[in-house]
Amino acid sequence: MDVQIKVGLQGHQTKMVEKKDTAKSFGSGLAEVFATPALVALMELTAYTSIESLLPPGYSTVGIQINVQHKKASLPGAIITCKSEVTHIDGKKIFFNLMAWDENGEIGSAEHIRYLINSEEFVQKLAKK
């Protein structure tokens with residue numbers, strides 16, 4: 001299996017906070033601000049998409065760990081940008097640092113690990129359980 005992922009590889013995603021992204025909509029709180037689960041989803045998307053095109057056909061990654069700090073609230077309409085960087089590769093584990101910010105500065109950071117899988121074998125194992 002030939003994986004072209006290198007330490008230092010970066011990815012970026014940008015999204016506008018919508019009502020569906022708020023803590024109130026997620027059920028993670030009552031505030032109409034960007035929800036921590038929405039931040040985590042954006043971070044995973046950023047990491048995942050930064051490496052997916054470099055994987056062999058039939059392979060993907062799944063998130064297995066994330067340690068996130070949601071440091072500041074963002075209102076609906078805010079533009080959130082997320083950046084990922086590959087920091088380490090250990091066998092099938094790919095390690096990332098992530099940062100997210102809006103127009104007013106940093107809103108969150110995380111350390112994240114994704115695991116390389118053969119997509120078909122992964123689903124077949126789950127179906128057997």
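Positive-end ranking of PHE122, MET99, VAL86 along the dipole of the chain, with charges on Cβ about the Cα centre, is headed by PHE122.
Computed over the Cα atoms of segment 56-123, what is the convex hull's projected area averaged over all directions, in nm²? Before the final figure, lay out each step's value.
Numbers: hull surface 24.0 nm².
Its Cα hull, projected and averaged over all orientations, spans 6.0 nm².
Shown here are the Rg and Dmax of the Cα trace of segment 1-49, at 14.6, 47 Å.
Going down the table (LYS72/LYS92; LYS19/LYS83; LYS93/LYS128; LYS15/LYS93; LYS20/LYS92; LYS19/LYS128), which pairs top 29 Å between alpha carbons? Present the calculation step by step, with values, prior to reporting the outcome.
Numbers: LYS72/LYS92 33 Å; LYS19/LYS83 23 Å; LYS93/LYS128 24 Å; LYS15/LYS93 27 Å; LYS20/LYS92 34 Å; LYS19/LYS128 39 Å.
With Cα atoms farther than 29 Å apart: LYS72/LYS92; LYS20/LYS92; LYS19/LYS128.
The simple spin-label model puts a point 7 Å past each Cα toward its Cβ; for GLN69 and ALA31 those points are separated by 1.7 nm. Dipole magnitude for segment 10-127: about 180 debye, using +1 per Lys or Arg Cβ and -1 per Asp or Glu Cβ, origin at the Cα centre. A simple rule links phi to the HN-Hα coupling: the Karplus curve 6.51 cos²θ - 1.76 cosθ + 1.60 with θ = phi - 60°, which for segment 100-110 gives 10, 8, 10, 4, 9, x, 5, 10, x, 8, 7 Hz, with x for Gly and Pro. With contributions of -39500 (n - 2.57) from each DSSP H run of at least four residues, the per-residue ellipticity at 222 nm computed over the chain stands at -6500 deg cm²/dmol. Here the scattering of the chain is modelled by Debye summation over its C-alpha atoms, one equal scatterer each and no solvent; at q = 0.09, 0.13, 0.22 Å⁻¹ the log10 of I(q)/I(0) is -0.29, -0.57, -1.17.
Read-outs throughout are calculated quantities, based only on the coordinates presented, and are distinct from any laboratory measurement. Note that this is a predicted model, so its numbers are computed, not measured. Neighbour counts run over all protein chains shown; Cβ positions are idealised from the backbone, glycine included.
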